[in-house]
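Okay, structure first, notes after.
The values are calculated or read from the model by the stated rules, or taken from the named source; none is laboratory data. Predicted model, so just to flag it, every value in this text is computed and none were measured. Cβ sites come from the backbone with ideal geometry, for glycine too, and all protein chains shown count toward neighbours.
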Amino acid sequence: MRFSSFIYLFGQGLHNMRANRMMTFASMGVLTVCMLLIGTAFLLGVNIDYMVDYLGDQNFVVAYLDEGVTEEDRAAVEAQIGAMPGVAGITYNSPEAVLQEYSGMLGQYTNLQEVFANDNPFRANYQVTLTDVSQMEAVVARLEGLGHIYRVNAPLAVQQLFLSLQKVITYGSYGLVAVLGLVSIVVINNTIRITVFARRREIGIMKLVGATNGFIRFPFFVEGTASGLLSAVIASGIVCGGYYYLAQWYAAHPTNLTQLFGGELVPLEQVWYLVVAAFVAFGFILCGIGTATSIRKHLNV
Amino acid sequence: MIEFQHVYKTYETHSDENVALQDISLKINEGEFVFVRGHSGAGKSTFLKLMLMEERPDKGRGKIFLNGQDLTKLRRRKIPYMRRKLGVVFQDFRLIPTMTVYENVAFAMRVTNISNKVIRNRVPYVLSLVGLEDKMDRLPDELSGGEQQRVAVARALAHGPKVIIADEPTGNIDPELSMDIMQLFEAINKVHITVVVVTHEHELVNSLAARYGNRVITLAHGRIAADTADPEVARRYLANGGQPVPELSYSV
């Protein structure tokens, strides 16, 4: 194709957009909403991943020892825990150390060291750090299988909740992208169909004077993909802007719950290019498909 | 130049089939001026559509050649390039109402990948050939029917085709202007462009053919009933049980 022809056909596509501006506006509105939903699902997924990772970094379980365990037994248990698969490290807390920690916390009210000087109610425990949060269940089972272990404390429920939440959101996002993708194809298909109908006389003339299908199709592709790209730009602006302020607000208003998960969202700098790239690809590819499927029928003159 | 060899065309609907053309054989030579006439339903439109490759003949029943190339074997992708060798004029002009006269002609060239420089030179030239160089910036609706048809002729000439095909070119034009359009085609034929005019206006054909000695092919019931270039055709048609068409009878 000649450059001047390219410019001409490109201009024709943009002219079509202006000529059916109401339809262009409506289809871009629907596309933008689709992208907003997809972007929201994506950012939610990213943050859930982030929180799961954060919880993963806090991945230790606490194993309490039976009372009155001898030094030799304790050494044996420590060796056994240290040799377990999935265990990254262990820290021993003697009953005295635990008492000291708590008395430090309550220092201004009472002196725990004095109260419990001869009758320490705390048990010795091991803080067992895991190599990977997914190992938690297995390690807990192994710890409970050891002798001289009184009880194992692990945030298993929270961890499982998050793993399943992560899974639901991942699959939910896939489903959402598929459904909204289909919606976008139908919307663009319809818009281009209306343009094609409005220009059927021109298309007929183009066919008769020997214009190739590529030449006839090109302006419609320009129209369809330009709508898609424009929607991508608008949606990117809304999603990234909205997310930026949400992240700021989230960090500025900590609560107990948010503190549990690290107290901040994934920073915008780490995700904005993914959002923009996905929107542009989504707009371009789906609008291309929508255009191709709508004009095929009209090319057989 | 254009050759039909035993061409059949049947339109099939889900319940029955309608034979539009049967056993059409003819040869139009380069530089000829040919009228193809017949009543409505005689197969004129189908004949035209076959030449423009809007329709294809029945499978395995006949061949159509343009410049020695078999159109029945032409790939779909190649059709546009073949059409550029033809210039087509229609009864309803087929101009784009929102474009000026100049733009209408330029449009046909732009969409076939012709450079701006060539378009700028060629459009005023072809418009001057049809006598409309001073109405280039008008919209089609501001012109008379005869003038609109001349714009369509200019558009057909824009690519410099070897053949001009006209489908009832005078059908939407005042009778007194019909002769002007026909004489325009005669002038085009003078510069060695082959002209095929399909029409049902028998008086016009008779008077023109008498004056310029044009070849006249008569279609009836999907068959060639007569051809002034070959008296044998009419004899064969009648011998094969063809119905005579009195008002179409034309003697050289």
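Is it the case, given these coordinates, that B:GLU186 is without any contact (Cβ under 8 Å) to a residue 12 or more places away in the chain, at negative phi and acidic (Asp, Glu)?
In short, no.
Matching residues to (1) in the same structural domain as A:ARG193 (by TED's automatic domain parsing); (2) surrounded by fewer than 15 Cβ atoms within 10 Å (Cβ to Cβ); (3) not small (Gly, Ala, Ser):
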residue	(1), (2), (3)
A:ARG217	yes, no, yes
A:ALA232	yes, no, no
A:GLY237	yes, yes, no
A:CYS240	yes, no, yes
A:TYR243	yes, no, yes
A:GLN259	yes, yes, yes
A:GLY262	yes, no, no
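Identify the residue in region B:101-133 that is without any contact (Cβ under 8 Å) to a residue 12 or more places away in the chain and surrounded by fewer than 16 Cβ atoms within 10 Å (Cβ to Cβ) and, among all such residues, is farthest from the other protein chains (Cβ to nearest Cβ).
The extreme case among them is B:SER128.
Are any residues in region A:190-203 under 22 Å from A:MET1 (Cα atoms) and at the interface with chain B (Cβ under 7 Å from one of its Cβ atoms), and if so, which ones?
A:GLU202, the sole residue that qualifies.
Mind listing whichever residues of region B:149-165 are away from every other protein chain (no Cβ under 12 Å) and of a type in the set (Lys, Arg)?
B:ARG150, B:LYS162
Restricting to region A:208-217, what's the tally of residues that are more than 7 Å from chain B (Cβ to nearest Cβ) and either modelled with pLDDT under 85 or touching a His at 6+ places or on another chain (Cβ under 9 Å) (or both)?
1
Name the residue that is farthest from the other protein chains (Cβ to nearest Cβ), counting only residues in region A:12-22 that are assigned to a helix (DSSP H, G or I) and over 13 Å from A:ARG217 (Cα atoms).
Of region A:12-22, the ones assigned to a helix (DSSP H, G or I) are A:12-19, A:21-22.
If we keep only those that are over 13 Å from A:ARG217 (Cα atoms) too, we end up with A:14-15, A:17-19, A:21-22.
Numbers: A:LEU14: 15, A:HIS15: 10, A:MET17: 16, A:ARG18: 13, A:ALA19: 9, A:ARG21: 16, A:MET22: 18 Å.
Among residues in region A:12-22 that are assigned to a helix (DSSP H, G or I) and over 13 Å from A:ARG217 (Cα atoms), the one farthest from the other protein chains (Cβ to nearest Cβ) is A:MET22.
Name the single residue that is farthest from the other protein chains (Cβ to nearest Cβ) among those in region B:18-53 being more than 15 Å from the chain's Cα centre (by Cα) and assigned to a loop (DSSP other than H, G, I, E, B).
B:HIS39
On the given criteria, is A:SER227 out of contact with any strand residue (DSSP E or B) (no Cβ under 7 Å at 6 or more places or on another chain), in contact (Cβ under 8 Å) with a residue 60 or more places away in the chain and within 30 Å of A:TYR50 (Cα to Cα)?
The answer is no for A:SER227.
What number of residues in region A:126-155 are in contact (Cβ under 8 Å) with a residue 12 or more places away in the chain and assigned to a helix (DSSP H, G or I)?
10
Of a type in the set (S, T, N, Q) and either under 26 Å from B:GLY213 (Cα atoms) or within 14 Å of chain A (Cβ to nearest Cβ) (or both): is that true of B:THR98 in this structure?
It is true that B:THR98 is of a type in the set (S, T, N, Q) and either under 26 Å from B:GLY213 (Cα atoms) or within 14 Å of chain A (Cβ to nearest Cβ) (or both).
Could you check, for region A:37-44, whether at least one of its residues is over 25 Å from the mean Cα position of the chain (by Cα) and not aliphatic (A, V, I, L, M)?
No - not one qualifying residue is present in region A:37-44.
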